[in-house]
2 protein chains.
Amino acid sequence: MSNPVLIEVWRGPMIESAHTGALAICGTDGRPLLALGDIDRPIFPRSAIKALQCLPLIESGAADRFRFSVPEIALACASHSGTDRHTALAEGMLARIGLSEGALGCGCHEPQSAAAARQLVLHGRRPSQLHNNCSGKHAGMLATAVHLGEAVAGYYNPDHPVQQRVHKTLSEITGLPLGRDVEGIDGCSVPNWAMPLGALARAFAQIVTGDGLGPVRRKALERIVEACWTEPELVAGAGRADTVVMAKLPGRVFMKTGAEGVYCGAFPQSGLGFALKIDDGAKRASAGCAIAIVEHFIPEARGLVDKSTLTTWRGLPVGHIRSSGMLDRALERIKLG
Amino acid sequence: MSNPVLIEVWRGPMIESAHTGALAICGTDGRPLLALGDIDRPIFPRSAIKALQCLPLIESGAADRFRFSVPEIALACASHSGTDRHTALAEGMLARIGLSEGALGCGCHEPQSAAAARQLVLHGRRPSQLHNNCSGKHAGMLATAVHLGEAVAGYYNPDHPVQQRVHKTLSEITGLPLGRDVEGIDGCSVPNWAMPLGALARAFAQIVTGDGLGPVRRKALERIVEACWTEPELVAGAGRADTVVMAKLPGRVFMKTGAEGVYCGAFPQSGLGFALKIDDGAKRASAGCAIAIVEHFIPEARGLVDKSTLTTWRGLPVGHIRSSGMLDRALERIKLG
């Protein structure tokens, strides 16, 4: 790999660590306005594409059949923090389709919200599958199976009709075959298909513009994106970048983080999408890079999310995380162009 | 940076993420038996050199004056898990020198032991500075100040005699000036000086052989290393690599992790030391690399620590973390040589 350094981690007078990666920014024509590193190598988009994985829920009619609300559609696109509000909504979605927590296949993990995790301990409870950051997505997937009269068991397997619909949707939008050679299983046990950053960035431009999509899909994506802008706290959680930025700038930027250093987003006004992957998978770097991009395109975003200062456990500032000169200059060139 | 990939993270059929880094293995003559990547660039060793930072505690006579026990000396070299045993020992060390938790300057963080963190929540307590993984090191540093009649306040500052002694010790052992140009502040608020991996690996070879050191320092290091081998659970904590490996193989390998992807270790029988730094700072990669090295030199270590399988939240295996072909081949060449 010979991707450039995108993020530097400084301690005192020196760079202590550095994160290389690749980044594509393009419009719906797919022509890269910016390409740093290898944007053609397929990468697993992970949770960054939850808005696309949510499409069958809308397009199948399941969301209407079960009268899923705006918050519930936002939760179906979420990597949520596992607070009471998040888990209650997921539970409500399941109840509406006649199922309960046990039907989920996403597995359990501690809530990402430290306060929620603390409350569980205090009440002597273990996390349930509802606390899994993907429980909304899984409830939405189960809804499509129930709506279409399919078996609920094994809905997470690559060969199940639920995942086949997701596969078909992703393949249609990206124009890629997405074969077994790029199929992996995500942390929540559903399949994820690796795709080039260039294709991902173009897909995100389409998410917010609808360009090149049929009227049904365009309308479905409008509904999904509007839900995320209306309920940004449900897409992630208090204090997290996606929530903070979209709460402040709804209609200006749509953004979604993914595991292993992935970030995607799009700007409706300029019709541009971006997709990036940090080679080593570090979230501090993917977040830093995404924030640099968002701040470049939307000056009002500056300072909304600042995780750049490194401090000691006593709070003494001793370093900082910053975008590399290479990334800064590349973004600057877009402004001039 | 153009360091080679040392660790690969696979998901299904593909490498999802990769970690580059540099690695030096050498004897006390400093001639590298293995050099992967740039081993001359200074890197912050962070907590990997706690055994060296502990030297003034022994050499000043403070450990004897305050009758520090073997467990207490091990704790002074530790990045501990913050269990009751760890915190009680740190508190005891402070009591012995007439101080209490408030004298520490390391700051507070949640115990690394999930069980200990849970117990704190259940008892409605917040973590104290005793839970900081460095509290033993700090108690040892304070002991030298008290022993030598120095002011206790500000003992963590680079200009305080406590840190000047640490600086002198590190400078003597590495033969490096360690000036302000390589001075950073560690997460626990004491100074840390960047040094090349080659010098670090040589220093670790000296730690376990004593070669080239005067009799006082040699004896002090013997005492430190023996303490860590006698009480490996105090150096880290249950289930952690340093503890597991040293508990099983005392006298065969001395190893210590550091933040931001650093690992150092040494093998007394072969007289070799190693030092490595993952460019991006990932612990999963530094640990994977250190384990590969230890397993190469000590076949009995194989399987002691296995964090190589990636699973979903339901426990389904979906990928693995492994040493790169480059690292495997480089280690293999040492065996043949």
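The values are calculated or read from the model by the stated rules, or taken from the named source; none is laboratory data. Model, not experiment: these values are computed from the prediction. Don't worry about glycine lacking a Cβ; one is built from the backbone with ideal geometry, like all the others, and counts go over all protein chains shown. The area values use the complete protein model at the heavy-atom level, side chains included, leaving out ligands, DNA and RNA. Shrake-Rupley method; radii C 1.70, N 1.55, O 1.52, S 1.80 Å.
Residues to consider are B:Arg217, B:Arg223; find the one that is away from chain A (no Cβ under 14 Å) and either outside any helix (DSSP H, G or I) or open to solvent by 60 Å² or more (accessible area, probe 1.4 Å) (or both).
On inspection, the qualifying residue turns out to be B:Arg223.
In region B:182-209, what residues are open to solvent by less than 40 Å² (accessible area, probe 1.4 Å) and away from chain A (no Cβ under 14 Å)? Show your work before the answer.
Initial filter on region B:182-209 (open to solvent by less than 40 Å² (accessible area, probe 1.4 Å)): B:182-201, B:203-209.
Within region B:182-209, B:Gly198, B:Ala199, B:Leu200, B:Ala201, B:Ala203, B:Phe204, B:Ala205, B:Gln206, B:Ile207, B:Val208, B:Thr209 qualify.
Given the criterion under 28 Å from B:Glu231 (Cα atoms) and out of contact with any Asp or Glu (no Cβ under 6 Å at 6 or more places or on another chain), identify the matching residue among B:Leu130, B:Leu176, B:Leu122, B:Leu142.
When all the criteria are applied, what remains is B:Leu142.
Of everything in region A:1-42, what is among the aliphatic types (A, V, I, L, M) and more than 30 Å from B:Phe44 (Cβ to Cβ)? Give them in sequence order.
Those that are among the aliphatic types (A, V, I, L, M) and more than 30 Å from B:Phe44 (Cβ to Cβ): A:Ala24, A:Ile25, A:Leu33, A:Leu34, A:Ala35, A:Ile39.
Does A:Thr28 count as more than 27 Å from A:Gly214 (Cβ to Cβ), in contact with a Ser or Thr (Cβ under 9 Å, 6 or more places away or on another chain) and polar (S, T, N, Q)? Please lay out each step first, then the result.
On the way: more than 27 Å from A:Gly214 (Cβ to Cβ): no; in contact with a Ser or Thr (Cβ under 9 Å, 6 or more places away or on another chain): yes; polar (S, T, N, Q): yes.
Answer is no for this residue.
Check every one of the helices (runs of 4 or more DSSP H) wholly within region B:7-124 and list those with 3 or more residues that are crowded, with 22+ Cβ neighbours inside 10 Å.
By residue number, B:50-53, B:55-59, B:70-76, B:84-96.
Out of the residues in region A:125-149 meeting the condition of being of a type in the set (S, T, N, Q) and outside any helix (DSSP H, G or I), tell me which one is surrounded by the most Cβ atoms within 10 Å (Cβ to Cβ). First the steps, then the outcome.
First, the residues of region A:125-149 that are of a type in the set (S, T, N, Q): A:128-129, A:132-133, A:135, A:144.
So of that shortlist, the ones also outside any helix (DSSP H, G or I) come out as A:128, A:132-133.
Working: A:Ser128: 18, A:Asn132: 32, A:Asn133: 24.
Taking the candidates together, the pick is A:Asn132.
Answer yes or no: is there a residue in region B:316-326 that is within 23 Å of B:Ala48 (Cβ to Cβ) and in a helix (DSSP H, G or I).
Yes, the conditions are met somewhere in region B:316-326.
Only one residue in B:Phe274, B:Phe297 is open to solvent by 10 Å² or more (accessible area, probe 1.4 Å) and in contact with a Leu (Cβ under 8 Å, 6 or more places away or on another chain), so which one is that? Walk me through it before giving the result.
Values: B:Phe274 fails: open to solvent by 10 Å² or more (accessible area, probe 1.4 Å).
None of the others qualify; the one that does is B:Phe297.
So which residues in region A:182-201 are more than 15 Å from the chain's Cα centre (by Cα) and either assigned to a helix (DSSP H, G or I) or of a type in the set (S, T, N, Q) (or both), if there are any at all?
Result: A:Val182, A:Ser189, A:Gly198, A:Ala199.
Looking only at region B:16-49, how many residues end up being over 30 Å from A:Gly261 (Cβ atoms) and not β-branched (Val, Ile, Thr)?
Count: 7.
Please verify whether region B:169-181 includes one or more residues that are farther than 23 Å from B:Ile58 by Cα, under 21 Å from the mean Cα position of the chain (by Cα) and either charged (D, E, K, R) or within 12 Å of chain A (Cβ to nearest Cβ) (or both).
no
Which residues, taken from region A:301-337, are over 18 Å from B:Glu260 (Cα atoms), under 24 Å from the mean Cα position of the chain (by Cα) and of a type in the set (Lys, Arg)?
Residue satisfying the conditions is A:Arg302 alone.
Among (1) within 14 Å of another protein chain (Cβ to nearest Cβ); (2) in contact with a Ser or Thr (Cβ under 7 Å, 6 or more places away or on another chain), where does B:Gly212 come up short?
(1)
Across region B:300-331, which residue is most open to solvent (accessible area, probe 1.4 Å) among those that are touching a Ser or Thr at 6+ places or on another chain (Cβ under 9 Å) and more than 14 Å from chain A (Cβ to nearest Cβ)?
Filtering first and then ranking leaves B:Arg322.
Kindly provide the set of residues from region A:1-24 that are at the interface with chain B (Cβ under 7 Å from one of its Cβ atoms) and modelled with pLDDT under 95, ordered by number.
Scanning region A:1-24 gives a single hit, A:Met1.
Conditions (1) without any contact (Cβ under 8 Å) to a residue 12 or more places away in the chain; (2) among the hydrophobic types (A, V, I, L, M, F, W, C); (3) within 30 Å of A:Val5 (Cα to Cα), marked per residue:
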{"position": "B:Leu200", "(1), (2), (3)": "no, yes, yes"}
{"position": "B:Leu234", "(1), (2), (3)": "no, yes, no"}
{"position": "B:Asp279", "(1), (2), (3)": "no, no, yes"}
{"position": "B:Phe297", "(1), (2), (3)": "no, yes, no"}
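Out of the residues in region A:243-290 meeting the condition of being acidic (Asp, Glu) and out of contact with any Phe, Trp or Tyr (no Cβ under 9 Å at 6 or more places or on another chain), tell me which one is nearest to the other protein chains (Cβ to nearest Cβ).
Out of the qualifying residues, it is A:Asp280.
Among the residues of region B:38-47, is there at least one that is touching a His at 6+ places or on another chain (Cβ under 7 Å), touching a residue at least 12 places away in the same chain (Cβ under 8 Å) and under 30 Å from B:Thr174 (Cβ atoms)?
Checked region B:38-47: no residue is touching a His at 6+ places or on another chain (Cβ under 7 Å), touching a residue at least 12 places away in the same chain (Cβ under 8 Å) and under 30 Å from B:Thr174 (Cβ atoms).
For A:Val152, state whether it is open to solvent by 30 Å² or more (accessible area, probe 1.4 Å), in contact (Cβ under 8 Å) with a residue 12 or more places away in the chain and among the aliphatic types (A, V, I, L, M). Break it down stepwise before answering.
Values: open to solvent by 30 Å² or more (accessible area, probe 1.4 Å): yes; in contact (Cβ under 8 Å) with a residue 12 or more places away in the chain: yes; among the aliphatic types (A, V, I, L, M): yes.
Yes: the conditions hold for A:Val152.
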